[in-house]
Amino acid sequence: REKGQTSFISFVKTMWPGFISGRHHAVMAKKFEDIATGKCKRLIINMPPRHTKSEFGSYMLPAWFLGRFPNKKIIQCSNTAELAVGFGRKVRNLVDSDAFSRIFPNVKLRSDSKAAGRWSTNANGDYFAIGVGGAVTGKGADLLIIDDPHSEQEAKQNNPAVYDGVYEWYTSGPRQRLQPGGAI
């Protein structure tokens, strides 16, 4: 592969030296590669807790994606703004690391845009973190990541009104912000 075309799993293994790979990681990595190449536009990962879904999908994926496509836009959604911004901080710090620069030497954070939940690359790519119910006006997404749109407590209640409220927010907000050819 050319510089900047690092595979997802190679990126993970470089950035996370203690990572222990399982078969499910290879499946997720392949699907993330399919998203990056445009072969997959919609992906749902549904596995029990502690299977690396969030570490892969909300931490490693956005960093790797912006490394490959520094002009693209990402919206990261979670059930609270605090959780979404926490992911944003981790991704931002990874993109700003020396290890990341060795893999993607031309991708940097824009010096005037480094907030944890809202930052840009030197190629005008954007990362925007938002909690369910928050406004996404004026934002676009080539990649829309939705990680845990419900808290564990809400999910356990099995209350249709909770699910309906999140779905209404998603269909009237983030989904409307998907760029042509974008993936969720």
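Cut-off 10 angstrom, C-alpha nodes, Gaussian network model of the chain. Which of Ala84, Ala29, Ala99 fluctuates the most?
Ala99
Can you send over the carbon and sulfur percentage of the accessible area for the stretch 21-142, probe radius 1.4 Å, protein chains only? Walk me through the numbers on the way to the answer.
Working: 2920 of 5800 Å².
So the carbon and sulfur contribution to the accessible surface is 50 percent.
When Rg and Dmax of the Cα atoms in Å is calculated directly from the model, which label among (1) 15.9, 49; (2) 19.2, 72; (3) 19.9, 64 fits?
(1)
For the chain, report the accessible area per residue in Å² (1.4 Å probe, heavy atoms, rounded to an integer). Before the final figure, lay out each step's value.
On the way: 9700 Å² over 184 residues.
About 53 Å² of surface per residue is accessible.
Out of the DSSP beta bridges found with both residues in the chain, what percent are antiparallel (nearest 5)?
Values: 6 of 18 bridges.
About 35 percent, rounded to the nearest 5.
Relative contact order (percent) for the chain, with alpha-carbon contacts under 8 angstrom and 6 or more residues of separation? It would help to have the intermediate numbers written out before the result.
Working: 268 pairs, mean separation 45.2, N = 184.
Worked out over the chain, it gives 25 percent.
Once label points are set 7 Å from the Cα along Cα→Cβ at both Asp96 and Thr80, what is their separation, rounded to one decimal in nm?
2.3 nm
Cross-link list Lys39/Lys108; Lys114/Lys156; Lys41/Lys114; Lys72/Lys156: which exceed 31 angstrom alpha carbon to alpha carbon? The partial results should precede the final answer.
On the way: Lys39/Lys108 27 Å; Lys114/Lys156 36 Å; Lys41/Lys114 28 Å; Lys72/Lys156 36 Å.
Pairs exceeding 31 Å: Lys114/Lys156; Lys72/Lys156.
For helix 81-95, what angle does its Cα long axis make with the longest principal axis of the chain, in degrees from 0 to 90 and rounded to 10?
10 degrees
In nanometres, what is the gap between the two model label sites at Glu168 and Ser7, each 7 Å from Cα along Cα-to-Cβ?
With each label point 7 Å from Cα toward Cβ, the separation is 4.6 nm.
Per DSSP H run of n ≥ 4, the term is -39500 (n - 2.57); total these for the chain, divide by its residue number, and report the mean residue ellipticity at 222 nm rounded to 500 deg cm²/dmol. Could you put the intermediate results ahead of the total?
Working: 7 runs with 71 residues, N = 184.
The helix contribution divided over the chain gives -11500 deg cm²/dmol.
For q = 0.12, 0.17, 0.18, 0.23 Å⁻¹, what log10 I(q)/I(0) does the stretch 1-90 give under the Debye formula with an equal point scatterer on each alpha carbon and no solvent?
The Cα Debye sum returns log10 ratios of -0.37, -0.77, -0.87, -1.44.
Give me the dipole magnitude in Debye, nearest 20, for the chain about the Cα centre, with unit charges on the beta carbon: positive for Lys and Arg, negative for Asp and Glu. All intermediate terms of the calculation are to be shown ahead of the outcome.
Working: 26 positive and 16 negative charges, 127 e Å.
Here the size comes out at about 620 debye.
Ignoring ligands and nucleic acids, what accessible area does Val27 show with a 1.4 Å probe (Å², nearest 10)?
Here the residue's solvent-accessible area equals roughly 90 Å².
Projected onto the charge dipole of the chain (+1 at Lys/Arg Cβ, -1 at Asp/Glu Cβ, origin at the Cα centre), which of Trp64, Asn122, Pro105 gives the Cα projection farthest towards the positive end?
Final value for the positive-end residue is Pro105.
Rounding to the nearest 20 debye, state how big the charge dipole of the stretch 91-184 is about its Cα centre with +1 on each Lys and Arg Cβ and -1 on each Asp and Glu Cβ. Could the numbers behind the result be given before it?
Working: 10 positive and 11 negative charges, 81 e Å.
In total the dipole reaches around 380 debye.
The values are calculated or read from the model by the stated rules, or taken from the named source; none is laboratory data. Model, not experiment: these values are computed from the prediction. FYI the Cβ positions are ideal-geometry reconstructions off the backbone, even for glycines, and counts take in every protein chain you see. These area figures cover heavy atoms from the full protein model, side chains too; ligands, DNA and RNA do not enter into them. Shrake-Rupley method; radii C 1.70, N 1.55, O 1.52, S 1.80 Å.
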